[in-house]
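What follows is a set of notes on a single structure, which appears directly below.
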Amino acid sequence: MKILVIDGGSKGAVEVFAGVMRKLGVEVSYYGEIKNTNQVTEEMVYRLSAYIKAQGITHLFSIHLVLSAAIAAYDAGVKYICYIWDAPYPKVYTPYGRLDNCWYTTFDRLDCARWKEAGIPHVLYQPLAIDADQFRKWNEKRLKRYGSRRYIHDVSFVGQLYDRNLYDENLDKIPPAIRTYFESIFEEAAFRWDGVNRIYGKTGQEIIDYIRLNSQDFKIPNISDMEDLDYFEQNFLIRKVANIERTILLRTLAEEHDVTLYTRKGTDCSMLGNVRVMPPVAAGEAAGMVYAGSRINLHIALKGIEGGTSQRVMEVMAAGGFMMSSYCAETAEIFEEDKEIVMFRTPEELFEKVDYYLTHEEERRRIMQNGQQKVLTCYDLKSKFRRLLAWVEGAEEQTQ
């Protein structure tokens, strides 16, 4: 087996996977010429296909689906392994994504079932994982330098506000009556984390048709073969709800507590009140310093992640950070609530638990240590990738 790892704009992350593959005895090389998952040109495909053939590559690997890599792998007759850690992920519903040489592993159990039902040939459900050896090294280095009780934040949130979203970008194209209807959906769906999706199925095709009738400029940038209606709910409404939830929760928490947001440059922070805003933190050791240096790491999941635990949760816990996350049924299955992780289902529960755990140091530390041990022991990339390769090579059946 000789795997070629495709950059696809995720160099740091794919290098982690390359290191894990080498630990498993796999021959790995790196291809850095493709840094955009969506760009496809004849030259890109030709060069990659020729490289695969010349180097005797047997498999391609990337984080997420790199369209040009899918075509090149198909042309060269090799399997292409895509590790998906985002949801929803409509790109699989494209001619590129449906190629029978593409093998997907996804962390969202419901997405796995949907993809299989839609006829995607090869899909494996697995919870996400981390390189335990790498995190242990970083943790040991940090503890030697700073000790175990060095905190720089009370509450931190690392991630996007989704202030740039398709819904707001098209707001002037949506008739007032329809805006009012969408606002009622936001009001019903936001700030409720009980495992029920209150967005999907609320927008009928007649609403989309009415918007188009009233605005010729209204476009749904759907390149997939999924229905425009489904794409609209997943990519317009879901992200707007995330924008509402994250902005209001962080602002409200900051009225009483020290709250820090690490987010991308250019984010609209005008509605955040007392929240301290920092530039994005680099993935890996630098992010681990923030996670371990925060008394509480807050995670507010996208409503589109319905049946999986995000990579951020795994990395925070592996780094020795205390994780307080919005409720997810799968997370409650793989981690013991209030013993390894703390979750909330309403804003009121979130505020109460923040108050409680900021004043109960030993209990918070015990949960953090239990969670860290669980991730480092049970969610190591070596075991997960070993299973993935066995599945791709036919030694293990597809499972949900």
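Structure values in brief
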{"read-out": "Charge dipole (debye, nearest 20) of the chain; +1 at Cβ of Lys and Arg, -1 at Cβ of Asp and Glu", "value": "1540"}
{"read-out": "Integer Hz, Karplus 6.51/-1.76/1.60 couplings in order for segment 284-292, x for Gly and Pro", "value": "x, 4, 4, 5, x, 5, 5, 4, 6"}
{"read-out": "Footprinting exposure proxy for Met317, Met226, Met278 (fewest neighbouring C-beta atoms within 10 Å first)", "value": "Met278, Met226, Met317"}
{"read-out": "Whole-number percent relative contact order across segment 42-195, with pairs defined as alpha carbons under 8 Å at least 6 apart", "value": "13"}
{"read-out": "The chain: relative contact order in percent, alpha carbon pairs under 8 Å with at least 6 residues between", "value": "18"}
{"read-out": "Potential extension, Glu42-Arg345 segment - 0.36 nm per residue separation minus Cα distance", "value": "104.2 nm"}
{"read-out": "For segment 139-183: rounded, prolate or oblate by the Cα gyration tensor [a/c cutoff 1.5]", "value": "prolate"}
{"read-out": "Segment 93-138 versus segment 201-218: alpha-carbon centroid distance in Å", "value": "32"}
{"read-out": "Cβ-derived FRET efficiency at R0 22 Å, Ile152 paired with Glu255, nearest 0.05", "value": "0.60"}
{"read-out": "Unit charges at the beta carbon, dipole of the chain: most positive-side option, Ala76, Ser184, Asn274", "value": "Ala76"}
{"read-out": "Inter-probe distance in nm under a simple model that places probes 7 Å from Cα toward Cβ, at Arg145 and Asp355", "value": "3.7"}
{"read-out": "Exposed-loop-free span, longest in the chain, where GluC sites (Glu not before Pro) count as exposed if DSSP calls them loop and at most 15 other C-beta atoms lie within 10 Å", "value": "34-226"}
{"read-out": "Computed [θ] at 222 nm, deg cm²/dmol, the chain (DSSP H ≥ 4; -39,500 (n - 2.57); rounded to nearest 500)", "value": "-13000 deg cm²/dmol"}
{"read-out": "Three-way shape call for the chain based on the alpha-carbon gyration tensor, with the a/c threshold at 1.5", "value": "oblate"}
{"read-out": "Low-density loop cleavage sites - trypsin sites (Lys or Arg not before Pro) in segment 1-56, where at most 15 other Cβ are within 10 Å (DSSP)", "value": "Lys35"}
{"read-out": "Square roots of 5 times each gyration tensor eigenvalue, C-alpha, segment 1-99, largest first, Å", "value": "19, 17, 12"}
{"read-out": "Descending Cα extents along the principal axes, segment 280-329, whole Å", "value": "29, 19, 17"}
{"read-out": "Stretchable slack from Ser215 to Glu336, in nm (0.36 nm times residue separation minus alpha-carbon distance)", "value": "38.6 nm"}
{"read-out": "Farthest toward positive dipole pole in the chain [+1 Lys/Arg, -1 Asp/Glu at C-beta], among Ala129, Cys328, Val5", "value": "Val5"}
{"read-out": "Segment 263-361: C-alpha gyration tensor shape, a/c 1.5 cut-off, then a/b vs b/c", "value": "rounded"}
{"read-out": "Sequence of Asp268, Asp7 once ranked by neighbouring C-beta atoms within 10 Å, starting from the fewest", "value": "Asp268, Asp7"}
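Coordinate-derived values only; no laboratory data. What you see is a predicted model, and the numbers here were worked out from it, not measured in a lab. For neighbour counting, all protein chains shown are included, and Cβ atoms are generated from backbone atoms with ideal geometry for every residue, glycine included.
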